[in-house]
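Here the structure is laid out as structure tokens; the discussion comes afterwards.
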Amino acid sequence: MTTLLDITLPRTLDALVTRLSDGNHRGHRVEAWLFDNAAARRVAEARLAGVGVHARIRSAYKPLVHHFLEEAPAAGPVSIALPNHPSAAANRFRLDAYRSPACSPARSASSPAISRSPTS
């Protein structure tokens with residue numbers, strides 16, 4: 001068998017932090033969506049803040065679900081309309097948001113919308 005390619009690629013999160021820590025990005029705001037876990041993303045944000053880069057690194061896996069798990073304030077009910085593109089499967093959006101009801105103890109079973117109740 002012939003090997004066509006044999007390389008090791010750096011972890012995307014590490015490469016991003018290295019690239020933005022070069023001193024040329026001080027004062028910049030950066031948003032990125034990566035597949036790393038929340039703890040690793042927060043550490044990277046802190047490292048970048050230490051060199052003057054304001055970064056928000058979000059989860060690229062199920063972004064809507066992770067928005068509610070990590071960012072959305074629990075200030076009251078939230079409804080999300082389900083988009084529907086004529087060329088897409090009717091359940092396309094629900095496939096991406098299937099865990100969203102688990103983020104909320106108060107979800108109407110008859111509603112396709114996602115709700116989140118206040119915690120206080």
Exactly one of Val65, Val53 is in contact with a Ser or Thr (Cβ under 8 Å, 6 or more places away or on another chain), surrounded by 14 or more Cβ atoms within 10 Å (Cβ to Cβ), among the β-branched types (Val, Ile, Thr) and modelled with pLDDT under 80, and that residue is Val65
Going through the range 1-45 in order, the residues found to be of a type in the set (A, V, I, L, M, F, W, C) and outside any helix (DSSP H, G or I) are Met1, Leu4, Leu5, Ile7, Leu9, Val30, Ala32, Trp33, Leu34, Phe35
Listed by first then second residue, the pairs whose first member lies in the range 1-25 and is under 15 Å from Ala55 (Cα atoms), whose partner is assigned to a loop (DSSP other than H, G, I, E, B), with beta carbons under 6 Å and at least 6 positions apart or on separate chains, are Leu13/Asp36; Leu20/Val53; Ser21/Val51; His25/Val53
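The values are calculated or read from the model by the stated rules, or taken from the named source; none is laboratory data. Since the model is a prediction, treat every value here as computed from it, not as a measurement. Quick reminder, even Gly has a Cβ in these numbers, built from the backbone with ideal geometry, and neighbours come from all protein chains shown.
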